[in-house]
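Reviewing the structure listed below.
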Amino acid sequence: MEEIKRINRELVYKGKIVDFYKDTMAIPNGNVVFWDHLEHQGAAAVIPVLADGRIVLVRQLRNSVEKYTWEIPAGGLDGKDEPTIVAARRELAEETGFTTDEELEFLISIHTIVAYGNEKIDIYVAHGLKEGLQHLDEDEFLDVKAFTVDEIKEMIYSGKMTDAKTISAIMSYSDKYLK
């Protein structure tokens, strides 16, 4: 199989969360084509599990899909070198107010948009939660609520939950911990 090669990567727009590039690609039939690429620093997410087994989710407006979504807490890294476990612990406290003295357990890594971007999210599980106060960013407005895994699965299968990281996380968590 012949290789596809990137000839050039040109920054088109530098954003707050992603940088948008125009890639010039040489493809096997001899043509040169242009592909979009979104560069992301990476992210972390966490499944906060209460003592009774319910999962804490956050509800927020997602402008790109023009609706409010229920999701596991997540956020971008503060630089490419920040350990994802540090970011996951930070996002847990900031978005939900919950903290834990226990070690977060790594669950899975996902690439969210492989067709045109490199965003990678490492997902962790948090137990031993202690309630505290949210520390939201100035542009964050989140509701916090706990759901059973069955309630979350019903949201997934009914189409009420479409966030890929949350679906991946919940299904993986259910398969690993609730067999």
Can you confirm whether segment 96-106 contains a residue that is out of contact with any helix residue (DSSP H, G or I) (no Cβ under 9 Å at 6 or more places or on another chain), closer than 20 Å to residue 69 by Cα and assigned to a helix (DSSP H, G or I)?
-> yes
What is the residue count in segment 76-101 for residues that are modelled with pLDDT of 95 or more and on the phi > 0 side of the Ramachandran plot?
-> 1
Taking segment 74-101 as the search range and keeping residues that are among the acidic types (Asp, Glu) and surrounded by 16 or more Cβ atoms within 10 Å (Cβ to Cβ), which one is farthest from residue 133 (Cα to Cα)?
-> 91
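To keep it simple, each residue is scored yes or no on (1) loosely packed, with under 15 Cβ neighbours inside 10 Å; (2) at positive phi; (3) modelled with pLDDT of 95 or more.
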{"residue": "72", "(1), (2), (3)": "no, no, yes"}
{"residue": "106", "(1), (2), (3)": "yes, no, yes"}
{"residue": "112", "(1), (2), (3)": "no, no, yes"}
{"residue": "140", "(1), (2), (3)": "yes, no, no"}
Count, please, the residues in segment 105-125 that happen to be of a type outside the set (S, T, N, Q) and either within 14 Å of residue 75 (Cβ to Cβ) or not assigned by TED's automatic domain parsing to the domain that holds residue 167 (or both).
-> 6
Confirm whether residue 145 is of a type in the set (Lys, Arg), out of contact with any Ser or Thr (no Cβ under 9 Å at 6 or more places or on another chain) and modelled with pLDDT under 95.
-> no
Out of all the residues in segment 34-48, is one or more among the β-branched types (Val, Ile, Thr), surrounded by 19 or more Cβ atoms within 10 Å (Cβ to Cβ), in contact with a helix residue (DSSP H, G or I) (Cβ under 7 Å, 6 or more places away or on another chain) and assigned by TED's automatic domain parsing to the domain that holds residue 135?
-> yes
If you go through segment 68-95 one residue at a time, how many are of a type in the set (A, V, I, L, M, F, W, C) and assigned to a helix (DSSP H, G or I)?
-> 6
For segment 137-152, the count of residues that are over 18 Å from residue 91 (Cα atoms) and in contact with a helix residue (DSSP H, G or I) (Cβ under 7 Å, 6 or more places away or on another chain) equals 2
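The values are calculated or read from the model by the stated rules, or taken from the named source; none is laboratory data. Computed from a predicted structure; not experimentally measured. We place every Cβ from the backbone using ideal geometry, glycine too, and count neighbours over all the protein chains shown.
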